[in-house]
Amino acid sequence: MKLFLLSILCLVFSSVISENSTCESNLSEEIVEDAQTIALRDQKFLQFVTNNPQIRRDFRSLEHVKYEVTDVCTNEDGSAKRIKMSEKHGMTKIFEHVCKLDISAIRKKLDDAGPEAFKFEGRASNAEISFRNNNVEKFKPGVETIFLMFSDGKARNTYRFPWFYEYLPVLTETVFEPLNIDPRQIARLQFAKMGKGASILPHSDRGAWAQTAHRVHVPILSYPEILFVAREKNNMPVGMKIPSKEGIVFEINNLSPHFVHNFGDGDRIHLIIDWVEHKIQSINDIKVGSNCYYDASVGLTCSGGFNQVA
C-alpha cells in the first residue's frame, strides 16, 4: 500500500506541476540499478520536495543530469575543464562533468584520521574558524567541515590551514595534477561531511569570491540516496538532480540555488575546491591551534597570526 501511495504521489506530482518531471532515472551510470530501486528512491526524493514548502516553491520538479563518465580530466589543450564564466553568470550552464578519479588514497587518509577529525576535539593540530553572519550554521546545520584553505570575500587573499600541508601530497597526486589545478589558484578547500539525515538548505553563493571561482566537487564517500539538486535556470523552478558518486568529479554553478539531503545510511564526504583562473598573489599560513574569525570585508583574523607565504 505504501509503495502504491508513493507511486500515485509521484505520478500526480509530475503531471500537475511539470510535464518534464520524472520518476525514472536516465542518468548514465557505471553501476546499473534495477528499475524498482531507482523508482523507489525517486519517489522518496519527490515526497521530500513535496513536504518542504521552500523547496517545493523553488524546485517544483526534478530532472536527472545526463552525462557520460570519462577518464579524461582536461581539455585538449591541457587546460582544466570548467564552466565558462559567461555561462555561470548567465545561468545557462549549471553542471559540468569533469572526469573520474581514483580517490582511494584520499579515502584511506581520512579513514586513518578517523571521524574525530571532523570534530572540534580532534582538530587541535589544525585551526578553527567562526563566521560573522553564521551562514554556515544557518544553511548547513548538519555539515561538519575540515578546512584546508579559505579566502577573503573577493578571493584575493588566501589562508592555508595547518592541515593543508598534511593533505597536500595526496591531493596533489590524486586531484590537483590530474585536473591541472595549481594549488596557488585555489581560494577555498575543504572536506565537507553530511551525516545521515543531514541537509544543506536551499541557498545560492553570492559573495564576490563566488563570482570568479569554479566550485568543484570530488565525492570521497557517497551513496545513491544523496539528493543534490540545483535549479536548472534562474527563472525556472526546475531542479536538476546532480550525481554524487565516489570519484566522479563535477563542477556545480553555485550561483544557482541548490540544496542537498542525505537519505543514505551513512556519511557523505566531498572534497570541495573553489579555484580561480589565475594564481593568487597573497597566500598566508595559519598557525597551529589558532582561532580565526571571518568577515568578508577583511578576510580572516586569527589569534595566532599568520606566516606570509606570498
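The values are calculated or read from the model by the stated rules, or taken from the named source; none is laboratory data. Predicted, not measured: the structure shown is a model, and the values here were computed from it. A quick note on method: Cβ atoms are made from the backbone with ideal geometry, for glycine too, and the neighbour counts reach across all protein chains shown. The protein model used for the area step is the full one, side chains on, heavy atoms only, and it has no ligands, DNA or RNA in it. Shrake-Rupley method; radii C 1.70, N 1.55, O 1.52, S 1.80 Å.
Numbers below:
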item	result
Residue in the stretch 137-146 that is part of a strand (DSSP E or B) and over 19 Å from residue 254 (Cβ atoms) present	yes
Flag if residue 152 is open to solvent by less than 50 Å² (accessible area, probe 1.4 Å) and within 14 Å of residue 286 (Cα to Cα)	yes
Test: residue 95 is among the aromatic types (Phe, Trp, Tyr) and at pLDDT below 80	no
Residue in the stretch 230-240 that is open to solvent by less than 10 Å² (accessible area, probe 1.4 Å) and either at pLDDT below 95 or under 30 Å from residue 284 (Cβ atoms) (or both) present	yes
Selection count where residues are surrounded by 15 or more Cβ atoms within 10 Å (Cβ to Cβ) and either in a loop (DSSP other than H, G, I, E, B) or acidic (Asp, Glu) (or both), scope the stretch 40-79	9
Failed item, numbered, when residue 294 is tested on (1) outside any strand (DSSP E or B); (2) in contact with a Leu (Cβ under 9 Å, 6 or more places away or on another chain)	(1)
Residue in the stretch 201-219 that is touching a His at 6+ places or on another chain (Cβ under 8 Å), open to solvent by 20 Å² or more (accessible area, probe 1.4 Å) and among the small types (Gly, Ala, Ser) present	yes
Qualifying residue in the stretch 120-129 (condition: open to solvent by 80 Å² or more (accessible area, probe 1.4 Å), under 28 Å from residue 173 (Cα atoms), of a type in the set (D, E, K, R) and more than 19 Å from the chain's Cα centre (by Cα))	no
Unmet criterion (only one of (1) at pLDDT 85 or above; (2) surrounded by 15 or more Cβ atoms within 10 Å (Cβ to Cβ); (3) not charged (D, E, K, R)) for residue 17	(1)
Hits in the stretch 182-223 (condition: over 20 Å from residue 85 (Cβ atoms) and among the charged types (D, E, K, R))	193, 196
